[in-house]
Amino acid sequence: MKAVSLEAALQRRPFRPFELRIDGEVIRVAHPEQVLFAEGKTTLIVVDVEDHVHLLDVGQISKLRLLPGHGGRR
């Protein structure tokens, strides 16, 4: 996955929630404020809706799938 693809999904308006797949794990992003790029944009920090922190290597993310809906925390 390229950082530019993630940035496009985060900047989309209206925002649409999405899922990231990495090593068989699925991480749901319901709001763009859940995500932060580390300097250099090779590491992504995601805080999920249960307040779990995920440190992800951007190059290891295998898929980004847009979900239906309008974003927001559920």
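The values are calculated or read from the model by the stated rules, or taken from the named source; none is laboratory data. In this text the structure is predicted, and so the values were computed from the model without any measurement. Note: ideal-geometry Cβ built from the backbone for every residue, glycine included; neighbour counts use all protein chains shown.
If we keep just the residues of segment 1-11 that are assigned to a helix (DSSP H, G or I) and touching a helix residue (DSSP H, G or I) at 6+ places or on another chain (Cβ under 8 Å), which is nearest to Thr42 (Cα to Cα)? Give the derivation first.
Just the residues of segment 1-11 that are assigned to a helix (DSSP H, G or I), to begin with: 3-11.
Now narrow it down to the ones that are touching a helix residue (DSSP H, G or I) at 6+ places or on another chain (Cβ under 8 Å): 3, 6, 10-11.
Working: Ala3: 7, Leu6: 11, Leu10: 16, Gln11: 18 Å.
Result: Ala3.
Scan segment 12-31 and give yes if some residue there is part of a loop (DSSP other than H, G, I, E, B), over 15 Å from Gln60 (Cα atoms) and without any contact (Cβ under 8 Å) to a residue 12 or more places away in the chain, otherwise no.
Yes, segment 12-31 has at least one match.
Does any residue in segment 37-53 that is modelled with pLDDT under 95 come within less than 8 Å, Cβ to Cβ, of a residue that is assigned to a loop (DSSP other than H, G, I, E, B) and surrounded by 13 or more Cβ atoms within 10 Å (Cβ to Cβ) six or more places away or on a different chain, and which pairs are these?
Val49/Ala30
Among (1) under 14 Å from Met1 (Cα atoms); (2) of a type outside the set (D, E, K, R); (3) in contact (Cβ under 8 Å) with a residue 24 or more places away in the chain, where does Pro68 come up short?
For Pro68, the exception is condition (1).
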